[in-house]
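Structure first, commentary second.
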Amino acid sequence: MSFTILLIYVDDILITGNDPVNIAATKQFLHKHFHIKDLGDLKYFLGIEVSTSKNGIFISQRKYTLEVIEDASLSGAAPINTPMERGLKLSDRSTLLKDTNYYRRLVGRLIYLIVSMPDITYVVHVLSRFIQQPRKLHIEAALRVVRYLKGAPGRGLFFSSKSDLKLRAYCDSDWAGCPLTRRSTTGNCVFLGPSLISWTSKQQKTVLLSSAEAEYRTMTGACCELTWLRCLLKDLGISHHESALLYCDNKAALHIAVNPVFHERTRHIEMDCHYIRDKIQDGSITTKHVDFAHQLADVLTKPLEKEIFIPMVSK
């Protein structure tokens with residue numbers, strides 16, 4: 001199976017595929033109609049730096065990160081080990097900022113860093129909730145993220161060339177973690193072999209009455225992501241005959257997923273129950289329990305102490 005893939009953003013284009021002849025023909029066709037300029041092998045794209053070797057591909061945003069640090073006037077500040085203080089709950093109980101543009105600009109730049117730094121996804125997601133009315137506490141938390149970035153501005157993601165191409169996902173939730181709305185935070189991350197390829201941290205749309213419900217909603221989101229990725233890989237000629245693994249640390253949610261009997265307490269999440277159960281029965285998803293110490297999605301749902309956070313990030 002021969003395929004050529006184009007990634008287009010305005011007038012920047014990436015071309016890849018498994019057939020050099022087709023890639024060359026595509027370039028020639030584009031040049032004939034649009035007069036493109038071939039810049040050779042990929043090194044830099046939309047602020048993302050790319051390094052390739054026989055072992056795999058490494059992406060980072062070092063140059064962009066250094067610009068964020070300089071723009072925040074923290075080039076001389078001491079770095080710290082975690083992007084957010086453990087147990088910190090941002091609320092609307094401090095002094096409003098007079099200059100809101102600075103906060104919005106900083107958070108906007110941090111959002112783009114999530115492309116290669118999933119370790120700051122949770123804190124940036126929380127900071128973005130207060131874009132409309134930022135307060136002193138919020139800007140202090142945002143500047144702490146910049147100090148965290150200063151410790152390793154070249155941190156990024158490595159995609160190994162030695163991969164079994166098996167999908168596995170971790171999902172977790174911080175039940176009623178928001179002090180303002182009491183909504184839970186969903187976090188999930190998906191690996192293709194040893195490489196992290198997808199991650200999410202977002203607030204759930206409804207208030208749930210138990211941690212099992214919150215975890216089950218998170219499992220549904222992770223299950224949807226795995227299903228979409230299986231279809232995408234199939235389009236690229238990679239078929240998955242084995243089940244994708246879905247790891248969760250909540251035994252009640254795992255029990256609901258395999259229990260064929262519905263109860264009154266789970267009636268309101270019946271759609272989720274049916275969806276996950278269908279995926280389990282057709283063999284595309286297999287759920288497994290994971291201990292808290294190995295729950296990688298925990299980084300995406302709450303601020304952790306450095307003794308837990310640093311080993312998690314290294315994985």
Flagged in the stretch 17-43 as at pLDDT 90 or above, surrounded by 10 or more Cβ atoms within 10 Å (Cβ to Cβ) and within 21 Å of Ser161 (Cβ to Cβ), in numbering order, are Ile23, Leu42, Lys43
Original post:
Is it the case that the stretch 197-213 has a residue that's assigned by TED's automatic domain parsing to the domain that holds Leu254, among the hydrophobic types (A, V, I, L, M, F, W, C), at pLDDT 90 or above and under 19 Å from Tyr247 (Cα atoms)?
Top reply: yes
Reported set for the stretch 184-223 where residues are out of contact with any Gly (no Cβ under 9 Å at 6 or more places or on another chain) and part of a strand (DSSP E or B) is Gly187, Cys189, Val190, Phe191, Leu192, Leu196, Ile197, Ser198
Reported set for the stretch 190-242 where residues are of a type in the set (Lys, Arg) and either in contact (Cβ under 8 Å) with a residue 40 or more places away in the chain or within 23 Å of Phe158 (Cβ to Cβ) (or both) is Lys202, Arg217, Arg230
With criteria (1) over 17 Å from His125 (Cα atoms); (2) without any contact (Cβ under 8 Å) to a residue 60 or more places away in the chain, Thr181 comes up short on (1)
Item to complete: Would you be able to say whether some residue in the stretch 51-74 is surrounded by 15 or more Cβ atoms within 10 Å (Cβ to Cβ), of a type in the set (Ser, Thr, Tyr), under 27 Å from Ala141 (Cβ atoms) and out of contact with any strand residue (DSSP E or B) (no Cβ under 7 Å at 6 or more places or on another chain)?
Response: yes
Assigned to a helix (DSSP H, G or I), of a type outside the set (A, V, I, L, M, F, W, C) and either without any contact (Cβ under 8 Å) to a residue 24 or more places away in the chain or outside the structural domain of Ser239 (by TED's automatic domain parsing) (or both): is that true of Arg129 in this structure?
yes
Matching residues in the stretch 233-257 (surrounded by 11 or more Cβ atoms within 10 Å (Cβ to Cβ) and either within 13 Å of Gly283 (Cα to Cα) or within 18 Å of the chain's Cα centre (by Cα) (or both)) number 8
Selection from the stretch 106-124 of residues buried (at least 19 other Cβ atoms within 10 Å of the Cβ) and in contact (Cβ under 8 Å) with a residue 60 or more places away in the chain yields Ser116, Pro118, Asp119, Thr121, Tyr122, Val123
Output for Cβ contacts, cut-off 7 Å, separation at least six or different chains, first residue β-branched (Val, Ile, Thr) in the stretch 43-68, second surrounded by 15 or more Cβ atoms within 10 Å (Cβ to Cβ) and part of a loop (DSSP other than H, G, I, E, B), reads Ile48/Gln61; Ile48/Val115; Ile48/Ser116; Val50/Leu42; Ile59/Ser116; Thr65/Pro153
Taking the stretch 261-282 and keeping only residues that are under 20 Å from Leu245 (Cα atoms) and either surrounded by 11 or more Cβ atoms within 10 Å (Cβ to Cβ) or modelled with pLDDT under 75 (or both), one is left with Asp272, Cys273, His274, Tyr275, Ile276, Arg277, Asp278, Lys279, Ile280, Gln281
Checked against (1) part of a helix (DSSP H, G or I); (2) touching a helix residue (DSSP H, G or I) at 6+ places or on another chain (Cβ under 9 Å), Asn101 satisfies every condition except (2)
Scanning the stretch 160-175 for residues that are surrounded by fewer than 18 Cβ atoms within 10 Å (Cβ to Cβ) and of a type in the set (A, V, I, L, M, F, W, C) gives Leu165
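The values are calculated or read from the model by the stated rules, or taken from the named source; none is laboratory data. The structure displayed is predicted, hence computed values, not measured ones. Virtual Cβ from ideal backbone geometry, glycine too; neighbours counted across all protein chains shown.
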